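The structure appears below as structure tokens.
Every read-out reported here was derived from the displayed coordinates using simple, explicitly stated rules and does not represent laboratory data. None of the values given here were measured: they were computed from a predicted structure. All Cβ positions, glycine included, derive from the backbone under ideal geometry; neighbour counts span all protein chains shown.
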């Protein structure tokens, strides 16, 4: 599948898209990915993320609002492998991941603020499929998001 560049997409549709100015790192094996938005809002707890990524992804991108915390990792290689196996296109994590080298080998897009080997909680606290705001941009479930080396664009 060919991926349109976010720069070209912005040139064509800029006034109809929001651009995330927060600088995410490309960590997964694919820097370009896109799909319908699914969301999770959680803080230092990844049980809800694992639950969602264990189900059918249908090419969606899971946008995780972890509050920008870099204290614990919300996704590692095991959870990301589940996502690949279940047809998810990628992850955007407003927080930390772990297993950076392993994630880089997966045919999967991952953008995150950074990495930390510390595990997160597993209580299941959080909300799924609700609008989340990251870097002043609102991600609504069902909207389309595009990611590449230049950044992240989303339909408002």
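For this structure, a couple of remarks:
- Evaluated against (1) farther than 22 Å from residue 144 by Cβ; (2) crowded, with 20+ Cβ neighbours inside 10 Å; (3) out of contact with any strand residue (DSSP E or B) (no Cβ under 7 Å at 6 or more places or on another chain), residue 81 falls short on exactly one condition, (2).
- Boolean, residue 14 is out of contact with any helix residue (DSSP H, G or I) (no Cβ under 9 Å at 6 or more places or on another chain), under 20 Å from residue 143 (Cα atoms) and without any contact (Cβ under 8 Å) to a residue 24 or more places away in the chain: yes
- Matching residues, segment 11-49, being part of a helix (DSSP H, G or I) and crowded, with 18+ Cβ neighbours inside 10 Å: 48, 49
- Answer residue from segment 112-154, given it is assigned to a loop (DSSP other than H, G, I, E, B) and in contact with a helix residue (DSSP H, G or I) (Cβ under 7 Å, 6 or more places away or on another chain) and is farthest from residue 69 (Cα to Cα) among those: 150
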